[in-house]
1. Under a 10 Å cutoff between Cα atoms, tell me which one of Gly45, Gly32, Gly95 has the largest fluctuation in the Gaussian network model of the chain.
2. I need the P(r) histogram for the chain: all alpha carbon pairs, bin width 5 Å from 0 out to the longest distance, whole percents.
3. May I ask you to list the GluC sites (Glu not before Pro) in region 19-116 that are in a DSSP loop and have at most 15 other Cβ atoms within 10 Å of their Cβ?
4. Could you work out the pair-distance distribution P(r) of region 58-116 from its alpha-carbon pairs, with 10 angstrom bin width and percents rounded to whole numbers?
5. Search the structure for amide H atoms under 5 Å from the amide H of Ala65, placed 1.01 Å from N in the peptide plane, and list their residues when 5 or more places away or on another chain.
6. Under a plain spin-label model, where a point goes 7 Å from the Cα along Cα-to-Cβ, how far apart in nm are Glu71 and Glu42?
7. With r as the distance between the Cβ atoms of Thr98 and Asp11 and R0 = 22 Å, compute the FRET efficiency 1/(1 + (r/R0)^6) and round to 0.05.
8. What whole-number value in Å² describes the accessible area per residue of the chain for a 1.4 Å probe?
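The values are calculated or read from the model by the stated rules, or taken from the named source; none is laboratory data. All figures in this text were calculated on a predicted structure; none of them were measured in a lab. Every residue, glycine as well, gets a Cβ built from its backbone with ideal geometry; the counts of neighbours run over all protein chains shown. Areas reflect the complete protein model, heavy atoms only, side chains present, ligands, DNA and RNA absent. Shrake-Rupley method; radii C 1.70, N 1.55, O 1.52, S 1.80 Å.
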Amino acid sequence: NDTATIVSTHDFEGTPDMATLAERLGEACSLGDVGKLAVTAEDRGDALDVLRVTHEFTEVGAPVATMAMGEVGRHTRAFAPIYGSRIGYAPVDPGSGTAPGQYDAATLRTLVDNLV
């Protein structure tokens, strides 16, 4: 029915190494119209790895949506679009988040608009 699919992989425990990130995102991309990767950042290096894999996939034309969960990775929700992430997720109601580190929709919109 010409329905677009988003295939996602989540890691609520941490952030795998770059090779594993690329493998998981690549598999998600191969199975859907958009590959989505969400991991839990334990340090700033994890956040950088998410942005790097986003950039690398975007450079070869792969449609991706990426983010790092948790306070350490929170900023990637606003910065990932700069590196090619096509979709962000944010609850409309600030109190109804579904993952650690989410901005509410209005805040994320303002951040992205001011960065991109």
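1. Maximum fluctuation in the GNM of the chain, among the listed residues, is at Gly95.
2. In order of increasing distance, the bins hold 2, 13, 23, 25, 20, 11, 4, 1, 0 percent.
3. Numbers: sites: Glu23, Glu27, Glu42, Glu56, Glu59, Glu71; in loops: Glu42, Glu71.
For GluC sites (Glu not before Pro) across region 19-116 that sit outside H, G, I, E and B with at most 15 neighbouring Cβ atoms in 10 Å, the list reads Glu42, Glu71.
4. 25, 55, 18, 2
5. Result for Ala65 returns Gly35, Lys36, Leu37, Arg86.
6. Output for this residue pair reads 1.7 nm.
7. Working: r = 15 Å, r/R0 = 0.69.
Working from the Cβ atoms, E equals 0.90.
8. Numbers: 6440 Å² over 116 residues.
Computed with neighbouring chains in place, this is 56 Å² per residue.
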